[in-house]
Amino acid sequence: MQKKIQSALISVFYKDGLEPLVKELSRLGITIYSTGGTQKFIEDLGIGCVPVENLTTYPSILGGRVKTLHPAVFGGILGRRDVAQDLVEMQEYKIPEIDLVIVDLYPFEETLRNTNEEKLIIEKIDIGGPSMIRAAAKNFRDLVVIAAKDDYAGLVELLQTQNGETFIEQRKAYAAKAFEVVMNYDIAINNYFNGTILKPLSHKQPMRYGENPHQKASFYGDLTNVFDQLNGKELSYNNLVDVDAAVQLIHEFNNTTFAIIKHTNVCGVASRATVKDSWDTALAGDNESAFGGVLVCNGSIDKATAEAINEIFFEVLIAPAFDEDALTILKSKKNRILLKLKNQDTKAKTQFKSVLNGILAQDTDQGNYTEWKEVGGRETTASEKEDLAFANIICKHLKSNAIALVRNKQLVGKGCGQTSRIDSLRQSIDKAKQFNFDLHGAVLASDAFFPFNDCVQMAHAEGIEAFIQPGGSIRDKDSIEYCVQNSLALVMTGLRHFKH
């Protein structure tokens, strides 16, 4: 079913990209109704438009809060062209038919990012905009609705090729987009009032494919709020999953730290006085798994570090800053993805996972430990305390069951994703031996309690003498007694860090 556009209502906050569309509407002889700043923008282009006040007979009132909320506007949008009584009433009350609605919404999320002042935030809750968008989308059989500036160019092309006419399939597609815009807007407002920061499913970005080439995928969100991409190919689904893991990990550290991520698990991490030393030490922890990994650092990448990194193949490098000579080196490979992390903690307060036919939501895993309870055969030394806290954070970012072996703030062995904790410990010890690490003086962290004392026994046999775990097993005393009998340090934190 084709419909000829003869009139349009335009009321937008952002004017960028609007000029070609307005000019095309004018070329087609379409009557334009408009409000406030949008009206001025159109008139400054030398194009005539009808003020909405001429329809409503009311000026914009209450500081701009009320200007389109009127039957003359909503009647023109909601009136059904195939219902005789609607047409009679529209004629009786002198309500013109509106065939095209172009409306965007006040920048609520942008205002949230820029201020904490409640008065300013509240004023960016749009009322008329969502109402007009919903009304126009509901009446898609008779009119077109454009609720995002990203669709301006497409509409211009459609108007040109179809001489101002639209098909019902096109109108319905625009209506679907419009409802999505309003839904995401309402989610953002709801989150503000509930004190959450769940990102609405906006800014849909199609990806090349998902985890595997036969899977379709999209990203919903605004990556420009997290980082600037300085080089490389388009981020893939798997890249983004690993980048998220890398960013969440690096925010845990205050000292200069470098980490290497592979399939969301950290395989190398170290804190040192310089970025270059941190990189060298992290890589030494497992230079085999680093191949094709995602690298992340909380310091500026300098030339010396760039030269060292450039020697291996990696997918992504994330850092808050890059020296110019370092960028020259790193950009030598055009597909290599370089991300400049913005100065903000991107960790949301809520996490989501799709399961079965629904979604699970939970608070994010915050913190390192809730208590530091020394229950072993001796107190931890100062250096052991630092390494135990470091190792515990690493465990938090490994898939369960997780074991991390650390010495001098360097990950020297790890086990994760195993079906038993003792298997993870075996894996971590084997990793350490693979790269010739002496475990004497190393510490061990476990993401959950030891169900038996076999883990402390096996680790002790390899030279490990300090442990950290949350506790909570009915057999905690078995591990405690072994540590007491062998003068080993054992810390219980009261905070489990499962990651499934």
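Annotation: amide H-H contacts under 5 Å for Phe450 (H modelled 1.01 Å from N, sequence separation of 5 or more, or interchain): Gly471. Based on every Cα atom in the range 2-194, Rg and the maximum pairwise Cα distance Dmax equal 16.4, 51 Å. Between Ala217 and Ala304, the contour length at 0.36 nm per residue exceeds the alpha carbon distance by 27.6 nm.
At an R0 of 56 angstrom, the distance between the Cβ atoms of Lys331 and Asp423 translates into a FRET efficiency of 0.85.
Each peptide in 136-149, 367-380, 310-323 was scored by the mean count of other Cβ atoms within 10 Å over its residues; highest first, the order is 136-149, 310-323, 367-380.
Backbone N atoms of the range 241-269 closer than 20 Å to the 7 Å Cα→Cβ label point of Lys342 belong to residues 241-252.
The distance linking the range 421-500 with the range 265-282 is 23 Å (Cα centroid to Cα centroid, whole angstrom).
Of the GluC sites (Glu not before Pro) found in the range 23-125, those in coil by DSSP whose Cβ has at most 10 other Cβ atoms within 10 Å are Glu117. The orientation-averaged shadow of the Cα convex hull for the chain, equal to a quarter of the hull surface, comes to 29.1 nm². Mean projected area of the Cα convex hull of the range 459-500, taken over all directions, amounts to 3.6 nm². Each 10 Å bin, from zero up to the one with the longest distance, holds this percent of the alpha carbon pairs of the range 263-418: 9, 32, 34, 20, 6, 0. Over the C-alpha atoms of the range 223-263, the Rg to Rh ratio, Rh being the Kirkwood estimate, stands at 0.97. Counted as membrane-span-like here are DSSP H helices of the chain whose alpha-carbon atoms extend 30 Å or more along the helix's own axis and whose Kyte-Doolittle mean is -0.5 or above; these are 168-194.
Calculate the length of the line joining the C-alpha centroid of the range 120-169 to that of the range 315-386, in whole Å. The distance from the Cα centre of the range 120-169 to that of the range 315-386 comes to 40 Å. Put in line by how crowded their Cβ is, counting other Cβ atoms within 10 Å and starting with the fewest, Glu169, Glu180, Glu307 read Glu169, Glu307, Glu180.
Calculated on C-alpha atoms, the gyration radius of the range 229-341 divided by its Kirkwood radius gives an Rg/Rh of 0.91. Using a ≥ b ≥ c from the Cα gyration tensor of the range 155-238 (square roots of the eigenvalues), is it rounded, prolate or oblate, where a/c under 1.5 gives rounded and otherwise the larger of a/b and b/c decides, a/b for prolate? Since a/c reaches 1.5 but b/c is at least a/b, the shape of the range 155-238 is classed as oblate.
For the chain, averaging the sequence separation of C-alpha pairs within contact (under 8 Å, six or more residues apart) and dividing by the residue count gives a relative contact order of 9 percent.
When the listed pairs Lys334/Lys396; Lys216/Lys262; Lys124/Lys149; Lys94/Lys138; Lys431/Lys499; Lys204/Lys340 are checked against a 27 Å cut-off, the alpha-carbon distance exceeds it for Lys334/Lys396.
Classify the range 373-492 from the C-alpha gyration tensor, please: rounded if a/c falls under 1.5, else prolate or oblate depending on whether a/b exceeds b/c. Cα axes put the range 373-492 in the rounded bin. Most simply put, the chain has about 55% antiparallel DSSP beta bridges, counting only bridges with both residues inside it.
Every number here is computed from the coordinates shown, using simple stated rules; none is lab data. No experiment lies behind these values; they were computed from the predicted model shown. Reconstructed Cβ throughout: ideal geometry from the backbone, glycine too, with neighbour counts over all protein chains shown.
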